[in-house]
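What follows is one structure encoded as structure tokens, with my remarks underneath.
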Protein chains: 2
Amino acid sequence: MAKPSGSNGDDQSATDMETQKALVDIDSCQNEIDALNEKASEEILLVEQKYNKLRKPFFEKRNEIIMRIPNFWVTAFVNHPQIQLDESEEDCLTHLKKLEVEEFEDIKSGYKINFHFEENPFLKNEVISKEFHLGLSDPLSSSTPINWKEGQDLTKKNGNAKGRKRPHEMGGFFSWFLNNDDPCSDEIAEVIKDDIWPNPLQYYLMELDGGEDEDAEED
Amino acid sequence: MAKPSGSNGDDQSATDMETQKALVDIDSCQNEIDALNEKASEEILLVEQKYNKLRKPFFEKRNEIIMRIPNFWVTAFVNHPQIQLDESEEDCLTHLKKLEVEEFEDIKSGYKINFHFEENPFLKNEVISKEFHLGLSDPLSSSTPINWKEGQDLTKKNGNAKGRKRPHEMGGFFSWFLNNDDPCSDEIAEVIKDDIWPNPLQYYLMELDGGEDEDAEED
Ligand SMILES: [Ca+2]
Ligand SMILES: [Ca+2]
Ligand SMILES: [Mg+2]
Ligand SMILES: [Mg+2]
């Protein structure tokens, strides 16, 4: 390691004192920079909160309109390249009438995804939620326990004989929903929050263009 | 794929028209959300620009103070765990008197790192800069060509016999500086911009705590 220049003989203590004084000056300058950084972060958070509030009524209005379209959400999910549903999950999600993504007030701390179901043969729950608390020193996620109707537990139906061409990369929608092992790298949750929720229409419309999906089946 | 309910018989065209109308309504709602997103981004950019301006005089003042401390920047660089310098590079960087990181006005588009040298046995340049233009469809970086003094080209001295215990993970400081093959994943540039520049004092002071570095050498 190179040594400070002039660090020999009689100048030693004068040099040290000059360096010490400069270090104190840098530190106090750095404190002013840090205070500005903190003010910048607070101001940006206020902007984000303001726009979250301004966006909210449009997201609510969008959800009202979406409920007029049969199978909107299941179609958007099926068409998303990172989401894989098996046949019974797809049947179940035809009853998903409303999706909501809510960022927590301080935004960086986490978010919550609500899945609202109409009356259906699979779930007793009207709403199931998965929420992520990522601002904690020990980040965690949690999910609403699912009340399956008799014999309809879809997490026990994976790999059944119904025959499906698609690979199950995500290991099942409800298995994903109920798994809270690794909240910081939940790719499906991030797809829903950052990809589908900001603009679900583009994924819904993908299907209408046809192409990759298998032939339509009559239910 | 499940089909929209009611999509048979006489209701077909009424259902289609209702869906088409709903899709148009979602699209117009989405346009209002997109416009809000854009306004939010613009407002956040203004906040970032405002604080960049407010921070600038403190960064300049900090640089003035730093010049009172011999070997400040080389020490901060040597102490940073992701930066490896060989002995001749370290000698050369003892003449680095000023470092500057400038974000471009629109911030996301890129940044420039300036290295100011005092008169030294290695480089003829007083300032060498490396700049990153990352907002382009084809991102690029560029570096000032280095005018080496006779026989002092440090990019040709790697692996010489001077003997150095440290591994050369970064493949040489000046090789890094001159390499513009992969501007989007330049880890050393990011270390300088996001780690050293925001708070160089913490890396300078690491050395004073001693420990990991090899024994001090007299120049
Ligand atoms: Ca899919
Ligand atoms: Ca180091
Ligand atoms: Mg030093
Ligand atoms: Mg459908």
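The values are calculated or read from the model by the stated rules, or taken from the named source; none is laboratory data. Keep in mind the model is a prediction, meaning the values are calculated, not measured. Using ideal geometry, Cβ is built from the backbone for each residue, glycine included, and neighbour counts are taken over all protein chains shown. Ligands, DNA and RNA are stripped out before the accessible areas are found, and what is left, the full protein with its side chains, is counted by its heavy atoms. Shrake-Rupley method; radii C 1.70, N 1.55, O 1.52, S 1.80 Å.
Apart from one condition, B:ASN114 fits all of (1) in a loop (DSSP other than H, G, I, E, B); (2) of a type in the set (S, T, N, Q); (3) out of contact with any His (no Cβ under 8 Å at 6 or more places or on another chain); (4) modelled with pLDDT of 95 or more; the exception is (1).
Sub-6 Å Cβ pairs linking a first residue in the stretch A:71-83 that is on the phi > 0 side of the Ramachandran plot to a second residue that is more than 10 Å from ligand 1 (Cβ to nearest atom) and open to solvent by less than 20 Å² (accessible area, probe 1.4 Å), at least 6 apart or interchain, are A:ASN71/B:ALA2, ordered by first then second residue.
In the stretch B:25-48, the residues that are open to solvent by 70 Å² or more (accessible area, probe 1.4 Å) reach residues that are at pLDDT 95 or above with C-beta atoms within less than 6 angstrom, at least six apart or across chains, in these pairs: B:GLU32/A:PHE58.
Residues in the stretch A:91-110 that are open to solvent by 10 Å² or more (accessible area, probe 1.4 Å) and in a helix (DSSP H, G or I): A:ASP91 alone. Summed over the stretch A:116-149, residues that are in contact (Cβ under 8 Å) with a residue 40 or more places away in the chain and more than 14 Å from A:GLU190 (Cβ to Cβ) total 3. Taken together, the residues in the stretch B:49-68 that are touching a residue at least 12 places away in the same chain (Cβ under 8 Å), at the interface with chain A (Cβ under 7 Å from one of its Cβ atoms) and open to solvent by 40 Å² or more (accessible area, probe 1.4 Å) amount to 0.
Residues that are under 19 Å from the mean Cα position of the chain (by Cα) and assigned to a helix (DSSP H, G or I) were ranked within the stretch A:69-90; the one that is surrounded by the most Cβ atoms within 10 Å (Cβ to Cβ) is A:ALA76. Annotation note: Cβ proximity below 8 Å between a residue of the stretch B:179-194 that is touching a residue at least 40 places away in the same chain (Cβ under 8 Å) and a residue that is open to solvent by 70 Å² or more (accessible area, probe 1.4 Å) (sequence gap 6+ or interchain) occurs for B:ASN180/B:LEU140; B:PRO183/B:LEU140; B:GLU187/B:GLN82; B:ILE188/B:GLN82; B:VAL191/B:GLN82.
Residue-level analysis places B:GLU32 outside the set of residues that are among the acidic types (Asp, Glu) and within 19 Å of B:PHE177 (Cβ to Cβ). Out of all the residues in the stretch B:122-133, is one or more touching a helix residue (DSSP H, G or I) at 6+ places or on another chain (Cβ under 9 Å), open to solvent by 60 Å² or more (accessible area, probe 1.4 Å) and either closer than 28 Å to B:VAL47 by Cα or away from ligand 4 (no atom under 16 Å from the Cβ) (or both)? Taking every residue of the stretch B:122-133 in turn, none turns out to be touching a helix residue (DSSP H, G or I) at 6+ places or on another chain (Cβ under 9 Å), open to solvent by 60 Å² or more (accessible area, probe 1.4 Å) and either closer than 28 Å to B:VAL47 by Cα or away from ligand 4 (no atom under 16 Å from the Cβ) (or both).
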